[in-house]
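Encoded as structure tokens, the structure appears first; notes follow it.
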């Protein structure tokens, strides 16, 4: 299993530069918002955390279509499926998700405080945004894995995955953003929405891979 | 160890390709599946491997012990794809499969030597020729032990010398009690193999 994690991590870093694509997309999205809403610093600071979350959400969906498709094209997926007596298929999917998250989404989390500066988010908000993204984005990857597995046989599944996955990501977005606001605006709580966010991630870590494994089994 | 298939029928896109295929393969046995394009050779192999559901009939693997309870667990699959990543080197690819598949058999260098790619392990998989890629995929069969090899057109892209080498590897595998099911158009040099002819 560690071998699979390392292989996918290596592929994610070496091939195609998935991490860089995501960061550039994230950067573009955050950079054009001030042009669209105008240079009102108070307004930017107020919507900043939400924009960061939307940007990270969309950017992390970018490379998802390749999660299983690349393995399907070169025949690796058949062998991963056949190994399900040795390695529980859901666990294989979980490991692939973690590798994808480390290679493609973790850099987004790391870049988020810097991009938050563009939006005039105060320091506490920057920290909170990074922390909530760290806790919440794995859930998006796990949900996305189920979408990627459903769309694995489709030639251009990228858009399909986004349509399937985005509605399911709404709770993650809601609690992620409200926790970030909780850290900035005084009466709002931080801990409660943050804990719900962590719970969502843990829940999706189980449901997502199991659903993805089921979809992959019946993909033919 | 024994591979048994009873009255298998297979369909692809709701069209029946074959019906009533039964076979028994004992340790050391080999089966060559021949037939024209579209006859269902690959479909039969995929059903045996458990990658496709059979439309009817049953496949089982007996006396495999704890390690090989099902056909899928007991099989190496060599399909049309080589199951190697272009961005990784040959040795990295094989190292991964050796660790992931378990039951390690030969070392990576030794397996590469056996398919005539000795000393090329550091090369990225992407720059190899078609035949070399196929040989690398065959090396995967050697790095980890599986009693049953399911081979779909194993010789595609191979030159004559490599075909001979593959025949020797298959003979050695059978001599040690392994089994082989191969779908092919060309003679593979499998002595005393059963033949299953499929019709389109």
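The values are calculated or read from the model by the stated rules, or taken from the named source; none is laboratory data. Remember, it's a predicted structure, so these values are computed and weren't measured experimentally. Here the Cβ is made from the backbone with ideal geometry for all residues, glycine too, and neighbour counts use every protein chain on show.
Limited to segment A:142-178, what total is found for residues that are touching a helix residue (DSSP H, G or I) at 6+ places or on another chain (Cβ under 7 Å) and not in a loop (DSSP other than H, G, I, E, B)? I'd like the intermediate steps shown before the answer.
Step one: filter segment A:142-178 for residues touching a helix residue (DSSP H, G or I) at 6+ places or on another chain (Cβ under 7 Å), giving A:142-152, A:154, A:157-158, A:161-162, A:164-165, A:168-169, A:171-173, A:175-178.
Then drop every residue that is not not in a loop (DSSP other than H, G, I, E, B), which leaves A:142-150, A:158, A:161-162, A:164-165, A:168-169, A:171-173, A:175-178.
Counting residues in segment A:142-178 that are touching a helix residue (DSSP H, G or I) at 6+ places or on another chain (Cβ under 7 Å) and not in a loop (DSSP other than H, G, I, E, B) gives 23.
In the set (1) at pLDDT 90 or above; (2) more than 9 Å from chain B (Cβ to nearest Cβ); (3) more than 30 Å from residue A:126 (Cα to Cα), the condition left unmet by residue A:66 is number (1).
Take the conditions out of contact with any strand residue (DSSP E or B) (no Cβ under 8 Å at 6 or more places or on another chain), away from chain A (no Cβ under 12 Å) and surrounded by 22 or more Cβ atoms within 10 Å (Cβ to Cβ) and apply them to residue B:135. Does it pass? Can you show your working first?
On the way: out of contact with any strand residue (DSSP E or B) (no Cβ under 8 Å at 6 or more places or on another chain): yes; away from chain A (no Cβ under 12 Å): yes; surrounded by 22 or more Cβ atoms within 10 Å (Cβ to Cβ): yes.
Judged against the criteria, residue B:135 is a match.
Among residues of segment B:70-91 being at the interface with chain A (Cβ under 7 Å from one of its Cβ atoms) and more than 17 Å from the chain's Cα centre (by Cα), the one that is modelled with the lowest pLDDT is B:87.
All conditions but one from (1) within 14 Å of chain A (Cβ to nearest Cβ); (2) at positive phi; (3) in contact with a strand residue (DSSP E or B) (Cβ under 6 Å, 6 or more places away or on another chain) apply to residue B:20; the one that does not is (1).
May I ask you to list the residues in segment B:145-162 that are in a helix (DSSP H, G or I) and crowded, with 17+ Cβ neighbours inside 10 Å?
In the first step, residues of segment B:145-162 are kept if they are in a helix (DSSP H, G or I); the result is B:160-162.
If the condition is that a residue be in a helix (DSSP H, G or I) and crowded, with 17+ Cβ neighbours inside 10 Å, then B:162 is the only one that fits.
Across segment A:14-53, the qualifying residues are those that are within 14 Å of another protein chain (Cβ to nearest Cβ) and surrounded by fewer than 18 Cβ atoms within 10 Å (Cβ to Cβ), and the one among them that is farthest from residue B:86 (Cα to Cα) is A:17. For segment B:7-39, filtering for residues that are surrounded by 15 or more Cβ atoms within 10 Å (Cβ to Cβ) and assigned to a strand (DSSP E or B) leaves 15. Residue under question is residue A:119, and the condition is that it be more than 13 Å from the chain's Cα centre (by Cα), buried (at least 20 other Cβ atoms within 10 Å of the Cβ) and farther than 30 Å from residue B:130 by Cα; does it hold? It is true that residue A:119 is more than 13 Å from the chain's Cα centre (by Cα), buried (at least 20 other Cβ atoms within 10 Å of the Cβ) and farther than 30 Å from residue B:130 by Cα.
Please verify whether segment B:71-78 includes one or more residues that are free of Cβ contacts under 8 Å to residues at least 24 places away in the same chain and assigned to a helix (DSSP H, G or I). Yes.
A quick yes/no check of all residues on (1) under 25 Å from residue B:187 (Cα atoms); (2) over 16 Å from the mean Cα position of the chain (by Cα):
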site	(1), (2)
B:23	yes, yes
B:35	yes, yes
B:38	yes, yes
B:46	yes, no
B:50	no, no
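Within segment B:53-69, if we keep just the residues that are touching a strand residue (DSSP E or B) at 6+ places or on another chain (Cβ under 7 Å) and in a loop (DSSP other than H, G, I, E, B), the residue that is modelled with the lowest pLDDT turns out to be B:63. If we scan segment B:131-139, do we find a residue that is in a loop (DSSP other than H, G, I, E, B), over 22 Å from residue A:10 (Cα atoms) and in contact (Cβ under 8 Å) with a residue 40 or more places away in the chain? Checked against the condition, which is being in a loop (DSSP other than H, G, I, E, B), over 22 Å from residue A:10 (Cα atoms) and in contact (Cβ under 8 Å) with a residue 40 or more places away in the chain, segment B:131-139 yields no hits at all.
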